[in-house]
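The structure appears right after this line, and notes come after that.
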Amino acid sequence: MLFKVEMTVRLPATMPAAEADALKKTEREVAQGLMRDGTWRHLWRVAGRYANVSIFDVDSVEQLHQLLSGLPLFPYMDVEVVPLCRHPSSIRDDDR
Ligand SMILES: O=C(O)CC1=CCC(=O)O1
């Protein structure tokens, strides 16, 4: 099942830089692990914002929730999830 997920990160201005840097580093490691195993298919920066648009390939909504809520930056994110299905006009065979 494919989902478009938009994550907007809102770190508190009062958070010490070292704590923010450590969270971002751990987030990157987790994200890259999920990209390697094919679960986190795409990760795009939204230009001009501390936000990303991602495509996840998961087995269930529960798996997606578990994954998103386990991200190190999750407590500081607004998350919007949109379910996706194949477009009948698509000629790609890797979008199902
Ligand atoms: O920077 C972001 O948009 C949040 C994030 C997701 C994966 C990652 O490494 O950072």
Query - Subset of the stretch 63-83 (residues that are near the ligand (Cβ under 9 Å from one of its atoms) and under 10 Å from Met7 (Cα atoms)) - result: Leu73, Met77
Query raised in the report: Can you tell me which residue in the stretch 33-62 is nearest to the ligand (Cβ to nearest atom), limited to those that are open to solvent by less than 40 Å² (accessible area, probe 1.4 Å) and hydroxyl-bearing (Ser, Thr, Tyr)?
Result: Ser54
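Condition check ((1) free of Cβ contacts under 8 Å to residues at least 12 places away in the same chain; (2) in a strand (DSSP E or B)) across all residues:
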position	(1), (2)
Glu6	no, yes
Pro12	no, no
Trp44	yes, yes
His65	yes, no
Val82	no, yes
Report task. Please go through the stretch 1-38 and pick out each residue that is out of contact with any strand residue (DSSP E or B) (no Cβ under 6 Å at 6 or more places or on another chain) and among the polar types (S, T, N, Q). Result -> Thr14, Thr26, Gln32
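Which members of the stretch 23-32 meet the condition of being open to solvent by less than 40 Å² (accessible area, probe 1.4 Å) and of a type in the set (A, V, I, L, M)?
Our first condition is that a residue be open to solvent by less than 40 Å² (accessible area, probe 1.4 Å); within the stretch 23-32, this holds for 23, 27, 31.
Residues satisfying the conditions are Leu23, Ala31.
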Requested in this report: Would you point out the residue of the stretch 1-22, among those that are over 15 Å from the mean Cα position of the chain (by Cα) and aliphatic (A, V, I, L, M), that is least open to solvent (accessible area, probe 1.4 Å)?
Outcome: Ala20
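The values are calculated or read from the model by the stated rules, or taken from the named source; none is laboratory data. For clarity, every value in this text was computed on a predicted model and none was experimentally measured. Every residue, glycine among them, receives a Cβ derived from its backbone with ideal geometry; neighbour counts consider all protein chains shown. The area values use the complete protein model at the heavy-atom level, side chains included, leaving out ligands, DNA and RNA. Shrake-Rupley method; radii C 1.70, N 1.55, O 1.52, S 1.80 Å.
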